[in-house]
Amino acid sequence: ELGPYSHFMQKEIYEQPKALSDTIEAVLDAGFAMQLFGENAEALLPKLTGVKIIACGTSYYAGLTAKYWIESIAGVQCDVEIASEYRYRNAWADPQHLVVTISQSGETLDTMEALKYAKERGHQYALSICNVRESAIPRASELVFYTRAGAEIGVASTKAFTTQLVALFTLAVTLGKVRGRVSAEQEAGYLDDLRHLPGSVQHALNLEPQIKAWADKFAAKDHALFLGRGLHYPIALEGALKLKEISYIHAEAYPAGELKHGPLALVDSAMPVVVIAPNDSLLEKVKSNMQEVRARGGELFVFADADSHFSESEGVHVIRTPRHVGVLSPVVHAIPVQILAYHAALARGTDVDKPRNLAKSVTVE
Ligand code: M6R
């Protein structure tokens, strides 16, 4: 089953261009059409006035990324909730807000219970973004979008995450269309962005040898800090989760603008700092945050694109993808943080596919 690969995680990282193409295929055929979300979508989507996303772990980080897209492209208010917190909170519910659950397995207990709870609180309809057909969560939802990542076996979620991002981006643009905020020209542009995405992801995969060289350095460290801003802050969170989950290196992620509010105190020469810094509107801000790190002796490992115009200097290492891909940039930048975690784990000799204490599908509380 593994073919030329050593681990399922590695295989699943490399399957991402195909997983993305398969998931995008229906969108390229139909455009950003409501039917992509199921037969009830045309009746339900035009009525919603807000979105509440509920998920756990990596799926929650996909939701955090989606908040940026949904609010900026669709102009709809969007909250993102951790399922295990939401279900025990006396939560305020607006019946016109669409509940969106995100789950690779479709069987995560906290997400399932949070969905039931949202219905009890008064939410009327829910969309499930799920990778496993006919699992519990999509069965309990009025609307569904199946990601087509194929079976994901490694405990660390990789191809499920990037296909979830594509599903959520599709939701944002579709809602934007329904609300008259996306012109035909913009729609064509977003379709083009999707069309080019698997190729850009392939470019990111080709960076593996350089990333491995970084990972070998990380393997000797006890801690790491991940920084990003805006759309790339959730990718920093995902990078930190991947690293701690499979290599057991303690990693934390912060929005780079928060450095001065606490985490800068941790920075010294023993603390590698990974920065997700493609050429988006916050790049200049990120650059000045990086100077704050350098001034304290922190060593920077920067994932950028050609348009970010970084050069290497003492204590600043840079790996770049060829060009900036616009609003889908978080999908491309998910790849290097997955590869970094994978190789750090290999160098430390941990069980990559079955990290200690964790299960693939969390069906207990
Ligand atoms: O199947 P789900 O997407 O509902 O799972 C949610 C989390 O348990 C999962 O993403 C977990 O955080 C992964 N092991 C992260 O790699």
Practice prompt. Within region 16-38, work out how many residues are surrounded by 20 or more Cβ atoms within 10 Å (Cβ to Cβ) and among the charged types (D, E, K, R).
Written response: 0
Discussion item. Condition first: at pLDDT 95 or above, touching a Lys or Arg at 6+ places or on another chain (Cβ under 9 Å) and not in a loop (DSSP other than H, G, I, E, B). Can you find one or more residues in region 35-44 that meet it?
Written reply: no
Worksheet item: Any idea which of (1) outside any loop (DSSP other than H, G, I, E, B); (2) touching a Phe, Trp or Tyr at 6+ places or on another chain (Cβ under 8 Å); (3) more than 16 Å from the ligand (Cβ to nearest atom) is the one LEU2 doesn't satisfy?
Response: (1)
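Scan region 83-112 for residues that are away from the ligand (no atom under 12 Å from the Cβ), under 20 Å from VAL362 (Cα atoms), charged (D, E, K, R) and in contact (Cβ under 8 Å) with a residue 12 or more places away in the chain and jot them down.
ARG87
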Worksheet entry | Among residues of region 180-221, those that are under 21 Å from VAL331 (Cβ atoms), among the aliphatic types (A, V, I, L, M), more than 22 Å from the chain's Cα centre (by Cα) and part of a helix (DSSP H, G or I), counted | 1
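Residue by residue, here is whether (1) free of Cβ contacts under 8 Å to residues at least 12 places away in the same chain; (2) closer than 16 Å to PHE310 by Cβ; (3) of a type in the set (Ser, Thr, Tyr) holds:
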| site | (1), (2), (3) |
| --- | --- |
| ASP192 | yes, no, no |
| ALA220 | yes, no, no |
| LEU231 | no, no, no |
| ILE235 | no, no, no |
| GLY239 | no, no, no |
| ALA256 | no, yes, no |
| PRO272 | no, no, no |
| PRO278 | no, yes, no |
| GLN291 | yes, yes, no |
Worksheet, complete the sentence: Within region 66-91, residues under 16 Å from LEU175 (Cα atoms) and not small (Gly, Ala, Ser) come out as LYS67, TYR68, TRP69, ILE70, GLU71, ILE73, VAL76, GLN77, CYS78, ASP79
Practice prompt. Answer yes or no: is there a residue in region 71-78 that is surrounded by 19 or more Cβ atoms within 10 Å (Cβ to Cβ), within 14 Å of the ligand (Cβ to nearest atom) and either on the phi < 0 side of the Ramachandran plot or free of Cβ contacts under 8 Å to residues at least 60 places away in the same chain (or both).
Written response: no
Worksheet item: Do the conditions hold for GLU107, that is, is it part of a helix (DSSP H, G or I) and out of contact with any Phe, Trp or Tyr (no Cβ under 9 Å at 6 or more places or on another chain)?
Response: no
Worksheet item: What single numbered condition from (1) within 28 Å of GLY228 (Cα to Cα); (2) in a helix (DSSP H, G or I); (3) within 15 Å of the ligand (Cβ to nearest atom) fails to hold for PRO138?
Response: (1)
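The values are calculated or read from the model by the stated rules, or taken from the named source; none is laboratory data. Given the structure is predicted, the values throughout are model-derived calculations rather than measurements. Don't worry about glycine lacking a Cβ; one is built from the backbone with ideal geometry, like all the others, and counts go over all protein chains shown.
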